[in-house]
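> Here it is: the structure, laid out below.
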Amino acid sequence: MAWANGLVNTLKDPSTHIISSSTAVVIRDKYAKSKHHYLVMPFDDIPSIFNLTRHHLPLLQEMYLLALNVIEVKGQQTDNFLIGFHNQPSMQRLHLHVISKDFVSDCLKTKKHWNSFNTALFLNYEDLIAQLEHNDKVKRLDNDIIKELSNTDLKCNQCSYIGKNMPNLKQHLLEHYEKHTKVDG
């Protein structure tokens, strides 16, 4: 699973850094699932959310501030973004997703991709912080729950529409995006 270590290689390449601090860096996701999809990664070698404790709260706060900063730098509005972590990480190295809610992307291809951001498989930043403050760790989801969430219907994140398949949902999401763009533009 060499691809699982891809983030570490990107972290080492300064030309990929959009914003950085002394503790973390923001990069564009190479396989962006939305018009705006960024990752905030610490320089510290933390494998995943399951290695976090209360001790990491200042680092996570810095990562969150960088997330807000990249949204501002890109001229976007915070309420149009999800900021959080996958509850079932597939890549090695802790990373905070900063992703626009449009989900218009050629890289958004599977039900797994969709559900990883639009169900409880995505752990919002605030919820992760609450778990660390109360339990000093992030609780793993039960395998049955992961399976159930992975198979959740393709429900639009902006209305009550349910897609029959990914191409159907993607067309619907594009219509939302185009309608929103016309209103704002």
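The values are calculated or read from the model by the stated rules, or taken from the named source; none is laboratory data. Note that the coordinates shown come from a computational prediction; the quantities given were computed from them, not determined experimentally. Neighbour counts run over all protein chains shown; Cβ positions are idealised from the backbone, glycine included. Calculation scope for accessible area: heavy atoms of the full protein, side chains included, ligands and nucleic acids excluded. Shrake-Rupley method; radii C 1.70, N 1.55, O 1.52, S 1.80 Å.
> Restricting to the range 68-99, count the residues that are at pLDDT below 95 and either closer than 17 Å to ALA120 by Cβ or open to solvent by 50 Å² or more (accessible area, probe 1.4 Å) (or both).
5
> Of all residues being surrounded by 13 or more Cβ atoms within 10 Å (Cβ to Cβ) and charged (D, E, K, R) in the range 113-139, which is farthest from ALA32 (Cα to Cα)? Just the residue, please.
LYS137
> Also: Has the range 114-136 got any residue that is of a type in the set (Ser, Thr, Tyr), over 15 Å from GLY84 (Cβ atoms), modelled with pLDDT of 95 or more and within 20 Å of the chain's Cα centre (by Cα)?
No, every residue in the range 114-136 fails to be of a type in the set (Ser, Thr, Tyr), over 15 Å from GLY84 (Cβ atoms), modelled with pLDDT of 95 or more and within 20 Å of the chain's Cα centre (by Cα).
> Taking ASP102, is it touching a Ser or Thr at 6+ places or on another chain (Cβ under 7 Å), at positive phi and either at pLDDT 95 or above or of a type in the set (D, E, K, R) (or both)?
Answer is no for this residue.
> Say we look at the range 30-48 and pick out the residues that are aliphatic (A, V, I, L, M) and within 19 Å of PHE81 (Cβ to Cβ); which of these is surrounded by the most Cβ atoms within 10 Å (Cβ to Cβ)?
My answer is VAL40.
> What do you reckon, is LEU52 among the hydrophobic types (A, V, I, L, M, F, W, C) and under 12 Å from VAL26 (Cα atoms)?
Judged against the criteria, LEU52 is not a match.
> Mind counting the residues in the range 118-138 that are among the charged types (D, E, K, R) and touching a helix residue (DSSP H, G or I) at 6+ places or on another chain (Cβ under 6 Å)?
Count: 1.
> Out of all the residues in the range 49-67, which are within 18 Å of the chain's Cα centre (by Cα) and either over 17 Å from HIS86 (Cβ atoms) or crowded, with 18+ Cβ neighbours inside 10 Å (or both)?
ILE49, LEU52, LEU59, LEU60, GLN61, GLU62, MET63, TYR64, LEU65, LEU66, ALA67, listed by residue number.
> Name the residues in the range 91-120 that are farther than 26 Å from VAL73 by Cβ, among the polar types (S, T, N, Q) and in contact with a Phe, Trp or Tyr (Cβ under 9 Å, 6 or more places away or on another chain), would you?
Of everything in the range 91-120, just one residue is farther than 26 Å from VAL73 by Cβ, among the polar types (S, T, N, Q) and in contact with a Phe, Trp or Tyr (Cβ under 9 Å, 6 or more places away or on another chain), namely ASN115.
> Condition (residue is closer than 15 Å to SER116 by Cβ, at pLDDT 95 or above and open to solvent by less than 70 Å² (accessible area, probe 1.4 Å)) applied to the range 170-184: is it met by at least one residue?
Scanning the range 170-184, I find no residue that is closer than 15 Å to SER116 by Cβ, at pLDDT 95 or above and open to solvent by less than 70 Å² (accessible area, probe 1.4 Å), so the answer is no.
> Residue check, ILE27 against (1) in contact with a strand residue (DSSP E or B) (Cβ under 7 Å, 6 or more places away or on another chain); (2) more than 22 Å from ALA120 (Cβ to Cβ); (3) surrounded by fewer than 18 Cβ atoms within 10 Å (Cβ to Cβ), all met but one. Which one?
(3)
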